[in-house]
Amino acid sequence: MEIIEDGSDALLVMNRHTYLVKVKKGARFHTHRGFIELENLIGMPFGSWFTSNTGERFVVMRPSLKDYVSKFSRRTQIIYPKDSAVILLWSDVHPGSKVLEAGIGSGGLTVYLAAMVADTGKVYGYDINPESLETTKKNLERVGLLNRVELRLGDVTHVTHEEAVDAVVFDLPSPWLAVKVAKNWLKSDGFFVSFSPTIDQIEKTVIELRLSGFVCIEAFEVMQRYYKVAEGATRPEGFPHTGYMVSARNSIE
């Protein structure tokens, strides 16, 4: 696959640094290791190596969704890829799924949900902040997935959502307050997943799920440890905590 001229996106990989750029004629991109004449990349296959004006080597890659999300403009902290991957699996999102997401923030998770539901599915994205909705809209437009998402302004504990959904995904300060309304939106055996940064949020959410007749309730966190690899000196780099998750399935009497 070749890099084309008309403002196509490319990922520049220079050692441990990555840069998401638009390739255009006459454009120059400056880095901490010299500048790059972007028009020299036009017509070359992704995966090709080049050098900056200072001789620093870099490789040009086709950006993945993960690359886009990591470079998104954002107003709030996004859900990290390791947590997003688990949310997609635990909510059983697949082509054709209808998903309601509340607390979309900057749309980091929304992008992955939209990619998974495909053109036959739909993501309904709610947030109480109009600026968050506008940021998410721009980010979805950049990756060509806005047509799969309906962005709506509102507090999910006080809105009416008429279409039954296969899954609800929450990133809310008080997710337990939305459990009962989520039950009304979900299909009879639909999926519930909530992401929270603190233990007390998890406790209150699990208790409310039990009282509301949900089953298969799980509370957990996802660990990811990176390693600094060097011959004879490989060691962990850190073990950062991101948040906790609660998952459950709906049921009817």
**Q.** Gain on full stretching of the segment that runs from LYS82 to PHE35 - 0.36 nm per residue minus C-alpha separation
**A.** 13.6 nm
Q: Can you find, among PRO175, VAL206, SER106, the residue farthest towards the positive end of the dipole of segment 101-227? Put +1 on the C-beta of Lys and Arg, -1 on that of Asp and Glu.
A: SER106
Q.
Using 29 Å as the Cα-Cα cut-off, could you pick out the over-long pairs in LYS138/LYS183; LYS122/LYS180; LYS22/LYS228?
A. LYS138/LYS183; LYS22/LYS228
Q. Based on DSSP, what percent of beta bridges with both residues in the chain are antiparallel, to the nearest 5?
A. 65
Q) Sorted by average packing, counted as other Cβ atoms within 10 angstrom per residue and highest first, what order do 123-129, 174-180 take? A) 123-129, 174-180
**Q.** Debye, to nearest 20: dipole size of segment 1-56, +1 on Lys, Arg Cβ, -1 on Asp, Glu Cβ
**A.** 240
Q) Using a probe of 1.4 angstrom, how much of the accessible area of the chain is carbon and sulfur, in percent? A) 53
Q: Would you mind working out the magnitude of the charge dipole of segment 1-158 relative to its Cα centre, with +1 at each Lys and Arg C-beta and -1 at each Asp and Glu C-beta, to the nearest 20 Debye?
A: 320
Q.
Accessible area per residue for segment 7-90 in Å², computed with a 1.4 Å probe and the full protein assembly in place, what is it?
A. 55
(Q) Please list 3J(HN,Hα) in residue order for segment 184-194, calculated via the Karplus relation 6.51 cos²θ - 1.76 cosθ + 1.60 where θ = phi - 60°; whole Hz, with x for glycine and proline. (A) 5, 7, 6, 5, 4, 10, x, 9, 10, 9, 10
(Q) Quick check: the angle from helix 108-117's long axis to the longest principal axis of the chain, C-alpha only, nearest 10 degrees? (A) 80
Q) Can you give the % of DSSP beta bridges in segment 27-141 that are antiparallel, to the nearest 5? A) 60
Q. Which whole-Hz ³J(HN,Hα) couplings does segment 221-233 yield from phi under the Karplus relation 6.51 cos²θ - 1.76 cosθ + 1.60, θ = phi - 60°, glycine and proline marked x?
A. 10, 10, 9, 9, 10, 8, 10, 8, 9, 8, 4, x, 8
Q: Quick one: which residues, 5 or more positions from LEU186 or on another chain, have an amide H under 5 Å from its amide H? H modelled 1.01 Å from N in the peptide plane, none for Pro or chain starts.
A: VAL165
Q: Quote the charge dipole size of segment 96-253 about the Cα centre in Debye, to the nearest 20; the model charges only the Cβ of Lys and Arg (+1) and of Asp and Glu (-1).
A: 200
Q: Tabulate in residue order the Karplus-calculated ³J(HN,Hα) for segment 39-44, using 6.51 cos²θ - 1.76 cosθ + 1.60 with θ = phi - 60°, rounded to whole Hz; enter x for Gly and Pro.
A: 5, 5, 8, 4, x, 8
Q. For segment 141-237, rounded, prolate or oblate, judged on the Cα gyration tensor with a ≥ b ≥ c (square roots of eigenvalues), a/c < 1.5 rounded, else prolate if a/b > b/c?
A. oblate
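The values are calculated or read from the model by the stated rules, or taken from the named source; none is laboratory data. Just so you know, these numbers come straight off a predicted model, no measurement behind them. When we count neighbours, we look across all protein chains shown, and the Cβ atoms used for this are built from the backbone with ideal geometry, even at glycine. With ligands, DNA and RNA removed, areas are computed over all heavy atoms of the protein, side chains included. Shrake-Rupley method; radii C 1.70, N 1.55, O 1.52, S 1.80 Å.
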